[in-house]
Amino acid sequence: MTSEHPVPEARGWAAEPADPDTAVDRWPPKPSRTPARERGEILSVIAVGGALGACARYGATLIWPTPSAAFPWTTFWINVSGCAAMGVLMILITERFTVHPLVRPFLGTGFLGGYTTFSTATVDTQRLLDHGRPGTGLLYAGATLLGSVAAIWATAAVTRLLVLPRPAAEAEAL
């Protein structure tokens, strides 16, 4: 190597792909901020994003309230739409665009983490069971899980198709 600082060969777990939020592109790494300050920035954007996401979720529950013994459609659609947004977001910021390192914690962990509410889905399931509606409760629990996983998978796949460059031969075939 002609570099002044040779990059050591990665072995074992270190050879695995790095988290794009913490990847270092140069050797030796040049610290631009202290680790404590960087952690504080990340926690701050997660907190702000989480507060905004929770407010959006609360707003949705005010607009579309659910009676206690009814199928909790609002929480169901909050979770499914939040997972769909996560599928789009992760493809865009990890595979298509280069974004500021705080975008992912703000939008993904913060906003969408605060917006989605799987703990409320659990409480809703318990409430349906307590109101003597075990079939509806189990349907709701299963539909929330399957709908959320399907939403994140489908939106990630569609986003890849729409925004990622295709090889020339594949693009000509379309």
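A short reminder: the numbers here are calculations on the coordinates, not readings from a lab. Since the structure is predicted, the reported quantities are computational estimates derived from the model, not experimental observations. Here the Cβ is made from the backbone with ideal geometry for all residues, glycine too, and neighbour counts use every protein chain on show.
Which one of the conditions (1) of a type in the set (Val, Ile, Thr); (2) under 23 Å from residue 145 (Cα atoms); (3) buried (at least 17 other Cβ atoms within 10 Å of the Cβ) does residue 45 fail to meet, given that it meets all the rest?
(2)
Determine the pairs where a residue that is more than 13 Å from residue 109 (Cβ to Cβ), located within the range 36-57, has a partner that is β-branched (Val, Ile, Thr) and not in a helix (DSSP H, G or I) with Cβ atoms under 8 Å apart, the partner being 6 or more residues away or on another chain.
So the pair list comes out as 57/116; 57/117.
Which ones in the range 121-139 are buried (at least 17 other Cβ atoms within 10 Å of the Cβ) and acidic (Asp, Glu)?
124
So which of 82, 108, 87 is in contact (Cβ under 8 Å) with a residue 12 or more places away in the chain and closer than 18 Å to residue 60 by Cβ?
So the residue among 82, 108, 87 that is in contact (Cβ under 8 Å) with a residue 12 or more places away in the chain and closer than 18 Å to residue 60 by Cβ is 82.
Out of all the residues in the range 133-144, which are of a type outside the set (Phe, Trp, Tyr) and either in contact with a Phe, Trp or Tyr (Cβ under 9 Å, 6 or more places away or on another chain) or in contact (Cβ under 8 Å) with a residue 24 or more places away in the chain (or both)? Spell out the reasoning first.
Step one: of the range 133-144, the residues of a type outside the set (Phe, Trp, Tyr) are 133-139, 141-144.
Hits for the range 133-144 are 133, 136, 139, 143, 144.
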